[in-house]
1. Please pick out the residue among Lys56, Lys64, Lys110 that is modelled with pLDDT of 90 or more and open to solvent by 60 Å² or more (accessible area, probe 1.4 Å).
2. Inside segment 1-41, can you point out the residues that are aliphatic (A, V, I, L, M) and either outside any loop (DSSP other than H, G, I, E, B) or over 21 Å from Ile65 (Cβ atoms) (or both)?
3. Can you pull out the residues in segment 1-28 that are among the charged types (D, E, K, R) and loosely packed, with under 10 Cβ neighbours inside 10 Å?
4. Being closer than 29 Å to Glu39 by Cα and either surrounded by 11 or more Cβ atoms within 10 Å (Cβ to Cβ) or at pLDDT below 75 (or both) is the filter here, so list the residues in segment 67-107 that pass it.
5. Given the structure, is Leu47 of a type outside the set (Phe, Trp, Tyr) and either open to solvent by 90 Å² or more (accessible area, probe 1.4 Å) or free of Cβ contacts under 8 Å to residues at least 24 places away in the same chain (or both)?
6. If the Cβ limit is 6 Å and pairs must be 6+ apart or interchain, which residue in segment 56-76 that is in a helix (DSSP H, G or I) pairs with which residue that is at pLDDT below 90 and surrounded by fewer than 18 Cβ atoms within 10 Å (Cβ to Cβ)?
7. Determine which member of the set Gly55, Gly41 is under 30 Å from Gln88 (Cα atoms) and either in contact with a strand residue (DSSP E or B) (Cβ under 7 Å, 6 or more places away or on another chain) or of a type in the set (Gly, Ala, Ser) (or both).
8. Since Leu68 meets every condition but one in (1) hydrophobic (A, V, I, L, M, F, W, C); (2) more than 11 Å from the chain's Cα centre (by Cα); (3) closer than 23 Å to Val5 by Cα, which condition does it not meet?
Amino acid sequence: MMEYVNFRLSKIEKEIIIAIARSHGISVEDFIKNSIFKEMGPFREDLAFNLLKEGKIGFKRTWKISGLTYHEFLIEWNKHGAEEKISQIAEEEDLKTALSLDLAPYFKEKQL
């Protein structure tokens, strides 16, 4: 689902944006969106790793919010010494689920 963000520009600002977008062969919307996301990159990384540190999100969500490629994210994850904070309850539930799995269908049959 797409959302909208509306803001006002002066006439000259709009003309400048249109001219730059055209010179790059992209739509005004794409030019503005790309510019905003490029500018907010460092803020996204800080937000993502702060939320992770506070235990509010996990690995995958941190990666998505950061806006980094997977490789870039792993490098930053390492630099931050980041760790997921998983509650004791979640760990116990995951362990219980793992121990209850029937793995027999996944074993290779012994050959005679």
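The values are calculated or read from the model by the stated rules, or taken from the named source; none is laboratory data. Computed from a predicted model, the values in this text were never measured in an experiment. So basically every Cβ, Gly included, is an ideal-geometry build from the backbone, and we count neighbours across all protein chains shown. Heads up: the accessible areas ignore ligands, DNA and RNA and are worked out on the full protein's heavy atoms, side chains in. Shrake-Rupley method; radii C 1.70, N 1.55, O 1.52, S 1.80 Å.
1. Working: Lys56 fails: modelled with pLDDT of 90 or more; Lys110 fails: modelled with pLDDT of 90 or more.
Result of the check over Lys56, Lys64, Lys110: Lys64.
2. To start, the set of residues in segment 1-41 that are aliphatic (A, V, I, L, M) comprises 1-2, 5, 9, 12, 16-21, 26, 28, 32, 36, 40.
Once the filter is applied, which keeps residues that are aliphatic (A, V, I, L, M) and either outside any loop (DSSP other than H, G, I, E, B) or over 21 Å from Ile65 (Cβ atoms) (or both), segment 1-41 yields Leu9, Ile12, Ile16, Ile17, Ile18, Ala19, Ile20, Ala21, Ile26, Val28, Ile32, Ile36.
3. Taking segment 1-28 and keeping what is among the charged types (D, E, K, R), we get 3, 8, 11, 13-15, 22.
The answer is Glu3, Arg8, Lys11.
4. Here is the first cut: in segment 67-107, the ones closer than 29 Å to Glu39 by Cα are 67-84.
Answer for segment 67-107, where residues must be closer than 29 Å to Glu39 by Cα and either surrounded by 11 or more Cβ atoms within 10 Å (Cβ to Cβ) or at pLDDT below 75 (or both): Gly67, Leu68, Glu72, Phe73, Leu74, Ile75, Glu76, Trp77, His80, Ala82, Glu83, Glu84.
5. Values: of a type outside the set (Phe, Trp, Tyr): yes; either open to solvent by 90 Å² or more (accessible area, probe 1.4 Å) or free of Cβ contacts under 8 Å to residues at least 24 places away in the same chain (or both): yes.
Taking the combined requirement at face value, the residue satisfies it.
6. Phe59/Glu84
7. Working: Gly41 fails: under 30 Å from Gln88 (Cα atoms).
Step by step, each of Gly55, Gly41 is checked, and only Gly55 is under 30 Å from Gln88 (Cα atoms) and either in contact with a strand residue (DSSP E or B) (Cβ under 7 Å, 6 or more places away or on another chain) or of a type in the set (Gly, Ala, Ser) (or both).
8. In the conditions (1) hydrophobic (A, V, I, L, M, F, W, C); (2) more than 11 Å from the chain's Cα centre (by Cα); (3) closer than 23 Å to Val5 by Cα, Leu68 misses (2) alone.
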